[in-house]
Amino acid sequence: MDTQKLILDKISDVLAATDKSQSQKLKDLVDGAGRIFVAGAGRSGLVSRFFAMRLVHSGYQVNMVGEIVTPAIKSGDLFVIISGSGGTKTLLPTLETAKSKGAKIAVISMKSSSAMADLADLTVQIGNDDVFALTKGMPMGTSFELSTLIYLEAVIGEIIFDKDLTEEGMRAIHANLE
């Protein structure tokens with residue numbers, strides 16, 4: 001069994017079933033935000049950290065929800081949340097708070113309809129129900145998480161082209177206290 005090919009083929013299938021027009025809507029929300037707050041739980045939380053880091057490298061003011069130094073969200077800010085199910089119980093209250101403070105909300109999920117989508121200004125559905133059938137060798141959300149990582153890296157790639165960012169400029173913003 002060639003599991004690398006299995007994984008790459010599955011990600012390709014998921015991304016082929018993802019609405020490409022949503023990336024422009026997400027970029028518009030990002031560009032219109034005062035500050036950007038990003039969250040996710042579990043492995044989706046790891047993907048959210050990838051995205052937050054790249055947004056910082058692209059010149060945006062970004063905070064990870066749940067960190068001790070994360071400031072209060074307010075009107076004019078954007079909250080981007082990654083949740084495969086769109087109903088992660090620990091994160092739902094954070095969306096409710098963000099909404100009550102007037103922040104915009106973008107949900108990245110494999111569900112177009114969910115408790116989180118109900119609160120969102122934008123729901124980006126990664127793939128569709130047909131492409132997320134259980135796949136042996138890709139357990140417990142792997143297809144969603146890897147596809148979302150690639151999707152969001154492509155959004156960052158579009159931002160790089162749109163803003164004409166350079167590798168040197170992005171490196172100058174990269175963390176230097178590592």
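Observations on the structure shown:
- Check on residue 65, of a type outside the set (Gly, Ala, Ser) and more than 23 Å from residue 22 (Cβ to Cβ): no
- Count of residues meeting criterion [more than 17 Å from residue 122 (Cβ to Cβ), out of contact with any strand residue (DSSP E or B) (no Cβ under 8 Å at 6 or more places or on another chain) and assigned to a helix (DSSP H, G or I)] in segment 26-45: 2
- When 82, 68 are checked against the criterion of being closer than 18 Å to residue 122 by Cα and either β-branched (Val, Ile, Thr) or without any contact (Cβ under 8 Å) to a residue 60 or more places away in the chain (or both), 82 stands alone in meeting it.
- Odd one out for residue 4, checked against (1) crowded, with 18+ Cβ neighbours inside 10 Å; (2) closer than 20 Å to residue 142 by Cβ; (3) polar (S, T, N, Q): (1)
- Cβ separations smaller than 7 Å between residues 6+ apart or across chains give the following pairs from segment 90-119 residues that are over 23 Å from residue 133 (Cβ atoms) to residues that are among the polar types (S, T, N, Q): 91/83; 101/75; 102/75; 103/75.
- Residues located in segment 128-151, provided they are of a type in the set (D, E, K, R) and either in a loop (DSSP other than H, G, I, E, B) or at pLDDT 90 or above (or both): 136, 145
- In segment 46-75, the residues that are surrounded by fewer than 17 Cβ atoms within 10 Å (Cβ to Cβ), in a loop (DSSP other than H, G, I, E, B) and either touching a helix residue (DSSP H, G or I) at 6+ places or on another chain (Cβ under 6 Å) or not polar (S, T, N, Q) (or both): 59, 66, 67, 68, 69, 71, 72, 74
The values are calculated or read from the model by the stated rules, or taken from the named source; none is laboratory data. Predicted model only: the values in this text are computed from it and were never measured. Neighbour counts are summed over all protein chains in view; Cβ atoms, including those assigned to glycine, are modelled from backbone coordinates with ideal geometry.
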